[in-house]
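Since every read-out is calculated from the coordinates, none of them should be taken as a lab result. Just so we're clear, the structure is a prediction, and the values are computed from it rather than from any experiment. Cβ placement follows ideal geometry from the backbone for every residue including glycine, while neighbour counts extend to all protein chains displayed.
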Amino acid sequence: MTQGGGAQPRPKRRAPLDQVGTEPDVRFSYANERTFLAWNRTSLALVVAGLAIASLLPEFELAIGRRLIGVPLIVLGALLAGASHRRWRANEVAMRLRQPLPRSVLPGWLAVGVGIASAVAAVVAVVGGPEGP
Amino acid sequence: MTAPSPWEPALEEEELPGLAGERTDLAWNRSSLSHAVLAAAVVRRTWSQNDDVTARVVVLCVLLAGAGVSLIAWWRSQRVTRNAIDGSGLIDEGTLRHVTIGALLTAGAALVLAALPFEE
């Protein structure tokens, strides 16, 4: 029973993973790690694609056309990079506590983000595509 | 008869833990190469395009972040297979955190480069 009626202070740091639950099968831990690396490479690919679009494509008639397509892809890559680490940790904690894996939102983010970038690219191509040679 | 927990090893071992370590080793090698190639490509393509000091500082940051993450990933790949066999150091949260930070720094630098005007 707490004194003063106040809420319990939140722990300043999360417990190290090796102090949570019990060690899962090594194959599950490594599968989780490989999944994190796959998302990390996907985020890099989005960053490279966004940068290439923003800097390597010829100028569009619409002045900000290249950046309009490239910058959201870079932002999506950054979001996936950060979220993939949180996903890895949540999976590892669930495995160590013998709980079901939490649902992943990363595939949805990726699908929506690429879809939006594609739609923007289509609009830019119609409205203000690359300037003529 | 209760169903086996999903986290229990299979009754018939189809593969030894060592093979999982090898696959993880390869995944780290792929990631190491990806970061290195990205950094080299960005530097190669953008260094000469822009004389602006800000752009060159950002490009150097991309190079350092990419090289750093590449080295960390390579180091992790060397340890993974051995750790899978002797069961030590299976979780390396620090390495994964550093890789994430490197990717975020690279994305931030790319954002700055994308916003800068390039000389055609």
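With each pseudo-label sitting 7 Å past Cα toward Cβ, what's the B:ALA40-A:TRP109 distance in nm, one decimal?
In this crude spin-label approximation the distance works out to 3.0 nm.
Given the options A:LEU73, A:ILE53, A:MET95, identify the residue whose Cα lies farthest towards the positive end of the charge dipole of region A:47-104 (+1 on Cβ of Lys, Arg; -1 on Cβ of Asp, Glu).
Looking along the dipole axis, the top candidate is A:MET95.
Counting only other chains, and only Cβ atoms inside 10 Å, what mean value do you get across the residues of A:82-90?
3
Could you work out, for region B:55-109, what percent of all Cα-Cα pairs fall into each 10 Å distance bin, beginning at 0 Å and stopping at the bin that holds the largest distance?
Cα pair-distance distribution for region B:55-109, in percent: 24, 42, 22, 10, 2.
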